[in-house]
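Taking it in order: structure first as structure tokens, then the write-up.
The values are calculated or read from the model by the stated rules, or taken from the named source; none is laboratory data. Treat the numbers as computed from the prediction; the structure is a model and nothing was measured. Note that we place each Cβ from the backbone using ideal geometry, even for glycine, and neighbour counts take in every protein chain shown.
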Amino acid sequence: MDILYRSAFELADAIKSGELTSSVVLEFFLARVDRFNQGLNVVVAEDRVRARERAIAADQAVADGEDWGPLHGVPMTIKDAYATEGIVTVDGFPEYKDFVPDFNADSVQRYIDAGAIIYGKTNVPINSGDLQSYNSVYGQSNNPWDVSRTCGGSSGGAAAALAAGLTPLELGSDIGGSIRTPAHFNGIFGHKPSYGIVSQYGHLPAPTSLTEGDLWVSGPLATNTRDLKQALALLVGPNRAKSVAWRVDLPAARTEDPARLRVATWFDDPNVVTDTESLALLETTAATFERIGASVTRSVKPDFDTADNHDVYMRLLTASMSTGLTAAQRADYDAISHAADDPVEAMARSVNPNHADWVALNERRLQIADKWRVFFQDYDVLLCPTAVVPAFPHDHSEPMIERQLGINGAMHSYMGLVVWAGFSLVSYLPATVAPAGRTAANLPVGVQIVGPYLEDLTPLAAASMLEEHHQAFVPPPGYAIEV
């Protein structure tokens, strides 16, 4: 059977043509969960009974000449931050361990409306608030490349499930690299869409909130770029308040011809220490673009200081995520904010901003975004790191902000993990992660391909070029077997 690591949309075509049945495909993935999930702990909730019923219905629909859509009968998992009707949805919170929504998040519904069958949920950190996936309800999720290391977060369970062949498609969310870092750690593809083009409705911890939160986005993860592009096309659309008139018509990629692509690289920066072995692998992606005819300009970036960009990002991030803090937690942060000037206190000051402070911060953001606009007049995409290191050993010590990472023989702040993520998040830009190579320790490294605002198809096109000419998805050792 040609099922393992096959495009989700090809699986749907095979089901609709009669080459495969939905029931056979579902049982294939359930058997892989039975074989591999115990050592990974990435699929944390299942709905096998209803999934089997829907697979039978999907097969009957084919027999009746019905077409449910581009994901007809394809079984898949969903990140456990999205409300999923009839399946316990936790987002790492102990108080949600028995929460079973009676509705689907908008993005989940769009997959279902396209014919998908949701059979399970994948693990996240509490409140999707860490770059490791673990919580007190479901425990720790492991990386299939090395189970002693993290699979990332917050879409870590999703990315690891894809890499291990437990699902053909996933749905992530990203406010601090939570789509891109897990893609990088697990050797798969991920796309962070331009801000505002995919509905946020149905994401915990406030699944019925109508507020559109700052910075964060929903987007697809997959083992190939075809699935990223087709999944994005399904996900793009307004929330319910705007659906009467609001539409998204993403422009075509600036080019799909490598010889016409203008590539910029920004792999190293004095304001952030990045693993040198990873940087060498990233340079090979630039060399590949040169080899296939693209114009490559090295060590250029928009006309702003990365330290200033990171300061704006961390303040916006802290202000956005602070909405769930208790009054006591806010008071603690307020006390910290009056201490000496360092990154921890800078974050603390952003927990309780007044409106004037936030407006001034937002103006700083808009000025940076305009510099990106100017930059992309001369270049089509920017290649940069996804994170400062490959997947690292599990570290659940608290407080998180005091954790350390070993980089190039020295210890550095754990919070450096979000610097390259914030590079594009501040300005709402799309970014695609594609495999760049693997380290001497056989750990994946992904390159981040940043594109112009609302021109998502351009970085996706560049990722497709790398998939064809540089490196496609490679399964972790021991997982490329049928069960």
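Restricting attention to the range 333-386, the residues being modelled with pLDDT under 95 and under 30 Å from residue 298 (Cβ atoms) number 1. The sole residue among 185, 189 that is in the same structural domain as residue 115 (by TED's automatic domain parsing) and touching a Gly at 6+ places or on another chain (Cβ under 6 Å) is 185.
Scanning for something buried (at least 21 other Cβ atoms within 10 Å of the Cβ) and of a type outside the set (Gly, Ala, Ser), does the range 391-407 turn up at least one residue? Taking every residue of the range 391-407 in turn, at least one turns out to be buried (at least 21 other Cβ atoms within 10 Å of the Cβ) and of a type outside the set (Gly, Ala, Ser). Only one of the listed residues (264, 206, 252) is closer than 29 Å to residue 10 by Cβ and in the same structural domain as residue 439 (by TED's automatic domain parsing). That residue is 252. For first residues located in the range 281-297 and assigned by TED's automatic domain parsing to the domain that holds residue 258, partners that are surrounded by 15 or more Cβ atoms within 10 Å (Cβ to Cβ) and polar (S, T, N, Q) and lie 6+ apart or on another chain with Cβ distances below 6 Å form the pairs 286/265.
Whenever a residue of the range 432-453 is charged (D, E, K, R), its partners that are surrounded by fewer than 24 Cβ atoms within 10 Å (Cβ to Cβ), lying with C-beta atoms within less than 8 angstrom and at least six residues away or across chains, give the pairs 438/281; 438/474. Just one of the listed residues (84, 89) is at pLDDT 95 or above, surrounded by 24 or more Cβ atoms within 10 Å (Cβ to Cβ), over 15 Å from residue 183 (Cα atoms) and in contact with a Pro (Cβ under 6 Å, 6 or more places away or on another chain), and it is 89. Kindly indicate which of 210, 221, 204, 215 is crowded, with 21+ Cβ neighbours inside 10 Å and either farther than 24 Å from residue 480 by Cα or hydroxyl-bearing (Ser, Thr, Tyr) (or both). Going through 210, 221, 204, 215 in turn, just one is crowded, with 21+ Cβ neighbours inside 10 Å and either farther than 24 Å from residue 480 by Cα or hydroxyl-bearing (Ser, Thr, Tyr) (or both): 204. The set of residues in the range 143-159 that are out of contact with any Asp or Glu (no Cβ under 6 Å at 6 or more places or on another chain), surrounded by 24 or more Cβ atoms within 10 Å (Cβ to Cβ) and farther than 16 Å from residue 438 by Cβ comprises 150, 154, 155, 156, 157.
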